[in-house]
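The values are calculated or read from the model by the stated rules, or taken from the named source; none is laboratory data. Keep in mind that this is a model prediction, so the values were computed, not measured. Neighbour counts are summed over all protein chains in view; Cβ atoms, including those assigned to glycine, are modelled from backbone coordinates with ideal geometry. Ligands, DNA and RNA are excluded from the accessible area calculation, which covers all protein heavy atoms including side chains. Shrake-Rupley method; radii C 1.70, N 1.55, O 1.52, S 1.80 Å.
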Amino acid sequence: MTRIKIMLVEDHSVVRNGIKLLLNSQENFEVVADVGNGKEALDLLYAGLDCDAILTDLNMEVMDGLQLIEEVSLKFPEIKKIVLTMLNCDQHVAKAFESGVDGYLVKNVATDEMIFSINHIVAGGKYICEEISLIFVKKLIEKNKASNQEEGKMDIDLSSRELEVLELLGEGYTNLEISKKLFLSKRTVEGHRQNLIDKTGSKNTPALIKFAVLNGLIK
């Protein structure tokens, strides 16, 4: 069996030793070097160390993970580069892939997922761990909801009088009470209320009020 040769780059020795033991426990993995920063990793590569993949943290002194990834991408493009970090924000993920990384994992990743990702990446794939993928999906869903609500606001063309009626309906006034406040006939107020229901696609007055609140038409 051909083993995948891995260089581990992590500045915390206890963490590094734990990951090294985990990786070496796999039949097809071999940690050929473990170092504490990007400069030490590059020194070994320039000295002729043969490895298939680098598993690196981002925050390290002397030379951080991003600098290492950029240098390896330029000088050793055949080596796969995998981030293993505590950082899970959009900016760090985007910057890592811009720098040439092939995979991005957070440190609480499950063992099975880490093993799968390394095999997948060395075979030619790209990988983002489940935790970050779910964060991205959640943000896309929230963005889509916000966009749909914004579109809903733009599509509804309400007159100033309809907005007045809507505001009073939201405050709990009846059609008769609104007619007296706005000096309109009850029939006219009922017409405005029906127009509001039709324009917003609401089933009834409570649904109309809910729609108005969700879309910022009333508070």
Inset, instruction - Sort out which residues of region 39-56 are open to solvent by less than 10 Å² (accessible area, probe 1.4 Å) and either over 18 Å from GLU78 (Cβ atoms) or in a strand (DSSP E or B) (or both), and write them in order of number. - result: ALA53, ILE54, LEU55, THR56
Inset, instruction - Go through SER99, SER133, SER73 for me and flag whichever is hydroxyl-bearing (Ser, Thr, Tyr) and free of Cβ contacts under 8 Å to residues at least 24 places away in the same chain. - result: SER133
Legend entry - Residues (outside any loop (DSSP other than H, G, I, E, B), of a type in the set (A, V, I, L, M), within 24 Å of GLU78 (Cβ to Cβ) and open to solvent by 50 Å² or more (accessible area, probe 1.4 Å)) located in region 106-142: ILE128
Inset, instruction - Scan region 10-34 and report the pairs whose first residue is over 14 Å from ASP57 (Cα atoms) and whose second residue is assigned to a helix (DSSP H, G or I) and open to solvent by 40 Å² or more (accessible area, probe 1.4 Å), with Cβ atoms within less than 6 Å and a gap of 6+ or a chain change. - result: VAL31/LYS20; VAL31/ASN24; ALA33/LEU44
Legend entry - Check on THR188, β-branched (Val, Ile, Thr) and either free of Cβ contacts under 8 Å to residues at least 40 places away in the same chain or more than 23 Å from LYS145 (Cα to Cα) (or both): yes
Inset, instruction - Kindly state which helices (runs of 4 or more DSSP H) lie completely within region 160-219 and contain at least 2 residues that are surrounded by 12 or more Cβ atoms within 10 Å (Cβ to Cβ) and within 37 Å of the chain's Cα centre (by Cα). - result: 186-200, 205-214
Legend entry - Any hit, region 27-34, residues being over 24 Å from HIS120 (Cβ atoms) and either crowded, with 19+ Cβ neighbours inside 10 Å or touching a Lys or Arg at 6+ places or on another chain (Cβ under 7 Å) (or both): no
Inset, instruction - Taking only region 61-77 into account, find how many residues are in contact with a helix residue (DSSP H, G or I) (Cβ under 7 Å, 6 or more places away or on another chain) and among the charged types (D, E, K, R). - result: 3
